[in-house]
Amino acid sequence: MRNDPSSYLQELFSLAGRVAVVTGGSSGIGRAMAQALGRSGAAVVLIARREDELAAAVRELESYRCRAAWVSADLTSRDAVREAAEKAVGPFGEPDILVNCAGSNLRPPMGELTEQQWDATMAVNLDAPFLLGQRFGPGMAARGWGRIINVASQQSFRAFLNSGGYGASKAALVALSRSQAEAWSPHGVCCNALVPGFVLTPLTAHVSADPDRVAALAGRTMVGRNGLPRDFAGATVFLASAAAEYVTGQAIFVDGGFSAH
């Protein structure tokens, strides 16, 4: 029998015919994840706030001959999340893959954290993934196949850099991933969390402005550098593909060894 590596890799990792919804898909890690899904064959719908960044991200996907669309939404509002979910199914139909990457990174010292900041953080980092999972997860289960990928944080497991409400929300997001897996994995829906290390993105610009802190964070890794959005492409495609059909309820660290050092 002739070995055909290309055919085998297609069988494992191709996302042709799949539809993905990616929140936070207009920049940073979310944009890299959306591009990885699109270039692997999925039609991709991006949900984020800024229309100019969304349009640019879709143009980039289309330059690779990917099918892509966008929905602008403020994910701090539950009604807006529900409306965005309904708009997201318009271009390509119900999604097979849901990526919750949108994040709010309000990080004042705990003693200065206000109720408004707490509520805004929970709304984007936890409520929106919950609501989108409730909207799309049962449909995936009914069809017998699906993937939910929630982007968590080192602060899900350890406190540093003023974890505050952000750390609490991301810890809950990991637990939500397990709850979703418990509910829907018996029906073919694998639900996992991706855990970045420190990644150079617009969301971490307040830390990146301090070169000494950036260098110290890189020194905590095993590979000697901080993360880049492109580092999440492979893990995203794996978790979204047929290759990950026995991987669920897990927190997958993509952090250069940060958490193990």
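Here are a few things to note about the model shown:
- Hey, residue 195 over 25 Å from residue 83 (Cβ atoms), in a helix (DSSP H, G or I), within 14 Å of the chain's Cα centre (by Cα) and among the aliphatic types (A, V, I, L, M) or not: no
- The lone exception for residue 126 - which of (1) at pLDDT 95 or above; (2) open to solvent by less than 30 Å² (accessible area, probe 1.4 Å); (3) closer than 19 Å to residue 196 by Cα; (4) touching a helix residue (DSSP H, G or I) at 6+ places or on another chain (Cβ under 8 Å) it fails: (2)
- Residues within segment 50-80 that are touching a helix residue (DSSP H, G or I) at 6+ places or on another chain (Cβ under 6 Å) and open to solvent by 30 Å² or more (accessible area, probe 1.4 Å), tallied: 5
- Considering segment 108-123, and only residues there that are open to solvent by 20 Å² or more (accessible area, probe 1.4 Å) and of a type in the set (A, V, I, L, M), the residue that is farthest from residue 79 (Cα to Cα) turns out to be 110.
- Residue that is in a helix (DSSP H, G or I) and closer than 27 Å to residue 106 by Cβ, where the choices are 181, 218: 218
- Flag if residue 180 is open to solvent by 40 Å² or more (accessible area, probe 1.4 Å), at pLDDT 90 or above and more than 13 Å from the chain's Cα centre (by Cα): no
- Inter-residue pairs, beta-carbon under 6 Å, first touching a residue at least 40 places away in the same chain (Cβ under 8 Å) and acidic (Asp, Glu) and in segment 233-261, second buried (at least 17 other Cβ atoms within 10 Å of the Cβ) and not in a strand (DSSP E or B), 6+ apart: 255/197
- Check on residue 37, under 22 Å from residue 134 (Cβ atoms) and in contact with a strand residue (DSSP E or B) (Cβ under 9 Å, 6 or more places away or on another chain): yes
- None of 44, 71, 19 is at negative phi, in contact (Cβ under 8 Å) with a residue 24 or more places away in the chain and either small (Gly, Ala, Ser) or touching a Pro at 6+ places or on another chain (Cβ under 8 Å) (or both) except 19.
- Exactly one residue out of 219, 234 is more than 16 Å from the chain's Cα centre (by Cα), among the small types (Gly, Ala, Ser) and open to solvent by 40 Å² or more (accessible area, probe 1.4 Å): that is 219.
- Considering the conditions (1) part of a helix (DSSP H, G or I); (2) modelled with pLDDT of 95 or more; (3) under 15 Å from the mean Cα position of the chain (by Cα), residue 203 is excluded by exactly one of them, (2).
- Of all residues in segment 154-172, exactly one satisfies the criterion of being at pLDDT 95 or above and within 15 Å of residue 192 (Cβ to Cβ), namely 170.
- Subset of segment 141-177 that is surrounded by fewer than 24 Cβ atoms within 10 Å (Cβ to Cβ) and of a type in the set (Phe, Trp, Tyr) - its residue that is nearest to residue 108 (Cα to Cα): 160
- Beta carbons closer than 6 Å, at least 6 apart along the sequence or on distinct chains, pair a first residue in segment 147-171 that is closer than 17 Å to residue 201 by Cβ with a second that is of a type in the set (Lys, Arg) and open to solvent by 20 Å² or more (accessible area, probe 1.4 Å) for 166/107.
- Only helices (runs of 4 or more DSSP H) whose full extent lies in segment 3-80 are considered here, and none of them has at least 2 residues that are within 18 Å of the chain's Cα centre (by Cα), among the charged types (D, E, K, R) and more than 26 Å from residue 246 (Cβ to Cβ).
The values are calculated or read from the model by the stated rules, or taken from the named source; none is laboratory data. Just so we're clear, the structure is a prediction, and the values are computed from it rather than from any experiment. Cβ: placed from backbone, ideal geometry, glycine included. Neighbour counts: every protein chain shown. Note: accessible area is taken over every heavy atom of the protein model, side chains too, but ligands, DNA and RNA are not part of it. Shrake-Rupley method; radii C 1.70, N 1.55, O 1.52, S 1.80 Å.
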